[in-house]
1. So which residues in segment 51-62 are within 12 Å of H26 (Cα to Cα) and open to solvent by less than 70 Å² (accessible area, probe 1.4 Å)?
2. All but one of (1) closer than 30 Å to R273 by Cβ; (2) open to solvent by less than 60 Å² (accessible area, probe 1.4 Å); (3) in contact with a strand residue (DSSP E or B) (Cβ under 7 Å, 6 or more places away or on another chain) hold for A181, so report the exception by its number.
3. Scan segment 25-41 for residues that are open to solvent by 30 Å² or more (accessible area, probe 1.4 Å) and either at positive phi or in a loop (DSSP other than H, G, I, E, B) (or both) and jot them down.
4. How many residues does segment 157-170 hold that are modelled with pLDDT of 90 or more and surrounded by fewer than 17 Cβ atoms within 10 Å (Cβ to Cβ)?
5. Considering only segment 281-289, I want to know if a residue exists there that is open to solvent by less than 80 Å² (accessible area, probe 1.4 Å), at pLDDT below 90 and not basic (K, R).
6. Is there a residue being aliphatic (A, V, I, L, M), modelled with pLDDT of 85 or more and in contact with a Lys or Arg (Cβ under 6 Å, 6 or more places away or on another chain) anywhere in segment 89-101?
7. Would you mind finding the one in L121, L107 that is modelled with pLDDT under 85 and touching an Asp or Glu at 6+ places or on another chain (Cβ under 8 Å)?
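The values are calculated or read from the model by the stated rules, or taken from the named source; none is laboratory data. Treat the numbers as computed from the prediction; the structure is a model and nothing was measured. With ideal geometry, Cβ positions are generated from the backbone for all residues, glycine too; neighbour counts draw on all protein chains shown. Keep in mind that these areas ignore ligands, DNA and RNA; they rest on the heavy atoms of the full protein, side chains included. Shrake-Rupley method; radii C 1.70, N 1.55, O 1.52, S 1.80 Å.
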Amino acid sequence: MSVALAMILLVATSSTSSAEATVRLHLATCVVQSDLVEDLVGIELGFERMRAHKAALEVFTSCEQDVLRIYIERAHTWGGPSPAVVRDIAERRITLSDVQGEGGPRLVALNIAELVQDQGLLNPQPGPLPTQVVRPRPEVPVPSGPRVRLGAAPSVRLVPAPNRALPGARLSVAMDAGAAAAWPWTLEADVGFEQSSAAVPLGDVRTRVATVALSAGARLSLAERWALALQAGFRGGWVWLDAASSDATVAAAGGDGPWAGPLVGARVRYGDRLGVALGVEGGWTLHGVFGDAGGTRVGLERGWLGADLRLDWRFGEG
């Protein structure tokens with residue numbers, strides 16, 4: 001008989017302890033992300049203690065003017081001179097601006113968990129409420145390899161003997177240092193062809209020029225999508241001079257030969273992969289080709305100025 005009584009008392013005690021160890025939440029509409037709040041409270045108190053229906057502790061929330069009120073009502077027997085059953089109310093208050101802020105769900109869950117634990121019926125579960133996991137932004141690799149540009153451009157050069165313009169066209173290839181390079185170098189080569197006709201006192205001279213250039217320098221970033229290249233190098237090629245005389249008594253003769261000389265130039269480019277660039281250059285003909293047409297010196301010699309408008313496409317990293 002005593003054994004049976006002990007078992008009944010053990011079951012009753014276990015049932016009472018289990019009932020007292022349950023919690024149900026009543027979340028008001030002003031509580032943002034209520035599902036997240038319930039999950040965080042479950043992590044703190046233990047999910048096995050959370051109930052969707054009647055529980056030992058009913059936790060209420062109420063939206064009041066500028067605050068969120070969190071409270072628990074429990075029946076309590078007052079054992080004074082006149083015994084009676086009264087209701088104890090334990091509560092906490094949080095300003096609504098904090099409740100609806102970025103960390104609002106965690107703040108509400110923390111206050112609910114602490115309020116429940118203050119009742120002395122639940123053993124706190126180990127471990128704090130989880131903090132928000134901040135994933136580091138993936139590092140964007142800095143382009144390190146050189147970048148190649150292929151371009152095409154109409155061009156013009158102003159040359160003396162006699163003063164005339166040589167229009168033409170060029171194809172170019174350039175290589176720029178990557179963003180991680182210690183020095184912003186640039187290398188460039190182009191090939192082209194120029195041709196013009198000029199009148200002289202006793203006839204006409206037609207000039208045809210095959211041109212090739214090699215240059216190197218620095219390429220500087222001016223602003224977003226804008227870059228400036230400063231370069232120095234050599235330009236040279238082959239010249240064909242054809243002369244025609246307007247006087248039958250004056251003989252005209254043509255000729256051809258190589259020419260070359262140093263150059264300096266600057267180029268402003270706008271664009272990313274596809275870009276447009278305006279370049280100017282000047283140089284001096286160290287080795288030229290010239291002749292004499294009835295007392296007029298003609299050919300390709302001395303100094304010159306040039307310009308081109310290039311459309312290019314960039315390859316490589318970055």
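1. A55, L57, E58, V59, F60, T61, S62
2. All conditions are met except number (3).
3. The answer is L27, T29, V32, Q33.
4. 4
5. Yes: segment 281-289 contains one or more residues that are open to solvent by less than 80 Å² (accessible area, probe 1.4 Å), at pLDDT below 90 and not basic (K, R).
6. No, segment 89-101 contains no residue that is aliphatic (A, V, I, L, M), modelled with pLDDT of 85 or more and in contact with a Lys or Arg (Cβ under 6 Å, 6 or more places away or on another chain).
7. That would be L121, the only listed residue that is modelled with pLDDT under 85 and touching an Asp or Glu at 6+ places or on another chain (Cβ under 8 Å).
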